Structure formats: C-alpha cells, structure tokens
C-alpha cells in the first residue's frame, strides 16, 4: 500500500466530488463550531475519567483542552498511574482508587472509561446504572454477550453512549465514507487494511524480575498480552479498521477466515503477535439501501433478478508486531477509483478506463453496422504488471494538523449537553464492531471459517 511518486492522469471533476458530501462537510463545520463549546453561557459538562494508563492519560490531556469540559475526578487502582495522570488533570480533579466511590460521591454527568478490555462491561455498566453518560474506549466489550447486554442496558436507560473509535470523528474518513456511499468509487470490489508495527508491545515493570510482586504486576501492566484481559491485536488495533469497513459498507461481514500465532515474540504472551484475516461482506450491486428481496420481482422492470442480488466483497486484514512496513492504513478499491486512507492523509486515485480495442467504421459482411467491434483473433492486450502503472495523480484529503481523539471527545460532550443519544459511534455500532473482531479471534483458535453473528 505504499504510495510512490505518481504520473499525471485525469483528475475527478469538481462535479464528481462536490454534491456527494454535504454530510461530511457538515460534520467538519460541526466539529469546528464545537471547539468553542461552553463559551455560550451554558454550564460545563462535569466529566470524570476512569482508567489513567497510557490511553487514559491521552484522553485526560485532550479533555483539558476542551472548553465546556469540567474535569472533576479521575480514578485508577494503580497509584503510579493515578499520580502521573493527576498532573495532567489539574488540581481541581479529585483522585479515587475505587471508581464506584467516584460515581457515588462526585456524581459526574459523563465518564470516560479507559480501563483494560475485560473491565469495560463492568465499569461502563455501573456508570450507566448510576445515571451517567458514557464514553467507552474500544473494543466495547470483552465478549459479544457482554456487548449485547451493555447495548441493551444503554437503550433501556436512554443514556448517551459513545465508543472510542476515533476514525469516525476524522474528516478524512468522513469524506471517504461520503464518497463510497455516493458511488464515487463505483462498485466496491475489495478492501485491504493493515496495522503493522515493529515492537514487542510490552511495557516495563518497575520492580526486579525476582521480586515477589513481579508476576502480578507484570500481568497488570501488560494486560494486552494475556487472554484473561485482552483480545490481542484484533481488539486493540483491528477494531479501529474493521469499524471503518463496517461504517463504509453500512453492514457487518457475513463470515471470516483467519490465522495467526505467537511466532516471533516468544516471551510468554498468550495473544498472537501476527494475524491475517479474510472477511466476506455481502453488498448491494450499487450504492444505496439493500434491495428488498420480497419486492424484487415487482421492481425489476425487465432487469435480470440476478443483478439485484448482493455480491461478495472480500476484505483482507493483517496486523504484525515484527515489521512496520506500510504502518496503519486502509485501501478501498472500486471499479471507478481507489481510496488510500490514513489518519493524517487520504488519497483518491481515479481508475483508468479499460483499453480501447478499436472499432470498425465499415460495414461487416454480415451487415453489421459501424459500431461492430473488430479484434484480431488471439491478440494480447498489453496490460502492465508494474504496481505503479495504474496510479495517476491523486486527489489529496489532508488532516495533518487534526486530532481525531480530541474531536471524538468534543462530539461526545456535545451530545451529552444536548441529551442526544445518536453519537458518532453508539452502543449498537460498538456491538457490531465487537462481533466482527472477536469472531476473527475465534476463527484463529478453531482453525476454521466462522459466520459473524448478526447482532
């Protein structure tokens, strides 16, 4: 997926790209206006953060930059993390080792949950039960059953809930979604996505390896590497990118085939250090809602029924811990063009038209007209196999100075203020993402293809 220097080719017309994305343009304007949230005289949103490790601290730093956010408390049961995060949160934030006491005593309007995955259901569920709106880091839950129960609890309580899948707040991905759904790429034929890194994913343990407390503390700090606490690469990284595909397609995959293992970092970890997946989606042949199979016969108007049936799109996904080539990106390929997406830049490549094989201007012996195609028998069409040959000059979509983590929090707090549960990634979308990535983990364990639950 590397994007090399390109050669000029016809650009998409303004007409092709304008008109497709009032939703995306509106989203950008909304995020811009929300940056001044709280300056209108309304009370700021009293917000707490539960979980102050690496990701929790990132979220705390972002929250302190948002007008209209009053960061009133933070909680963590690991004192070094809590003490470090307190420096970011500021002196007004109360510190708690027990999040349940925080919920009871502080009574925040909203909480940001950034605890290890196996605790998401418990902590988010307790917050919802306490009448608090919740921002929950991805993946939404440790199991599909937990995700289903949490989504049902959110719906019953009518609380604002958002899953931390920040590409949903990124203008590049919003524009890409609008382009896909408007048919600018034509019929989508394949997607390739990956998250490649070259590190062991371990965090240092601040005691000697021979110390009595080393084993417990190592598992606490490196929870991502152990199955009791984590879903590994698919839940920590793949959840972001498979959510992008679900979002673009408006559906979840039908099935997944996957493989993976601990093949390089043989250091006692229990989750894979490399995974490779093939997902199969069923899409309608053109952009728009899936045809109603019960109404198809009456609405074909002479169109073959087979052309209205869904077709299969295969999505390949890989994640590595021993090679960083190509990093994290998604490549969405269609009959009219290709989108190359990263969090800082998006590129749209227009697909070249098929080679013209030539047309006769003379009538043929059998009376055929001037539109008869004349192709020499056995002629070989010379199509280049060079990986760079089919790339013209791209249309660029930049977000180099953007911060989609901050943007997703701004959006969440705005929904809290307005009491609007229709967040950019609600509990139902979180449930679908959970089912998508956890089914891949099951397929790896069982060595077979599995159907993805229709949640």
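Read-outs throughout are calculated quantities, based only on the coordinates presented, and are distinct from any laboratory measurement. These numbers come from a predicted model, not from an experiment. We place every Cβ from the backbone using ideal geometry, glycine too, and count neighbours over all the protein chains shown.
Only counting other Cβ atoms within 10 Å, I'd like 115, 455 sorted with the fewest neighbours first.
The order, fewest Cβ neighbours first, is 455, 115.
In whole Å, how far is the Cα centre of the range 384-455 from that of the range 315-346?
The range 384-455 and the range 315-346 have Cα centres separated by 12 Å.
For the pair residue 418 and residue 264, what calculated FRET efficiency results from E = 1/(1 + (r/R0)^6), where r is the Cβ-Cβ distance and R0 = 56 Å, to the nearest 0.05?
Between residue 264 and residue 418 the formula returns 0.70.
Assuming 0.36 nm per residue, please report the length gained on full extension of the stretch residue 42 to residue 448 beyond their Cα-Cα distance.
140.7 nm
If you take the beta carbon distance between residue 255 and residue 219 as r and set R0 to 30 Å, what does 1/(1 + (r/R0)^6) give as a FRET efficiency, to the nearest 0.05?
Step by step, r from the Cβ atoms, then E = 0.35.
May I ask you to sort 240, 390 by Cβ crowding, counting other Cβ atoms within 10 Å and putting the fewest first?
Lowest to highest Cβ neighbour count: 390, 240.
If contacts are Cα pairs under 8 angstrom and at least 6 residues apart, what is the relative contact order of the range 20-167 in percent?
RCO, the range 20-167: 19 percent.
Would you mind ranking 69, 141, 277 by Cβ crowding within 10 Å, fewest neighbours first?
69, 277, 141
On a full-extension model of 0.36 nm per residue, what is the gain between residue 455 and residue 187, subtracting their alpha-carbon distance, rounded to one decimal in nm?
Extra length from residue 455 to residue 187 when fully extended: 93.9 nm.
Set the Förster radius R0 to 30 Å, insert the Cβ-Cβ distance between residue 228 and residue 314 as r into 1/(1 + (r/R0)^6), and round the FRET efficiency to 0.05.
Once rounded, the FRET efficiency stands at 0.35.
Work out, step by step, the length gained on full extension between residue 208 and residue 61: first 0.36 nm times the residue separation, then minus their alpha carbon distance; give nm to one decimal.
Gain on extension, residue 208 to residue 61, equals 49.8 nm.
Largest first, please: the extent of the C-alpha atoms of the range 182-228 along each principal axis, to the nearest Å.
61, 23, 14
Using label points projected 7 Å from each Cα along Cα→Cβ, tell me how many nm separate residue 122 and residue 393, to one decimal.
5.8 nm
With label points built 7 Å along Cα→Cβ from the Cα atoms of residue 336 and residue 400, find their separation and express it in nm.
Label at residue 336, label at residue 400, 2.9 nm between them.
Distance from the Cα centre of the range 61-85 to that of the range 209-267, in angstrom?
Result: 25 Å between the Cα centres.
Can you give me the P(r) profile for the range 20-167? Cα pairs, bins 5 angstrom wide beginning at 0, each as a whole percent.
Going from the shortest bin to the longest, the percentages are 2, 10, 18, 21, 20, 15, 10, 4, 1, 0, 0.
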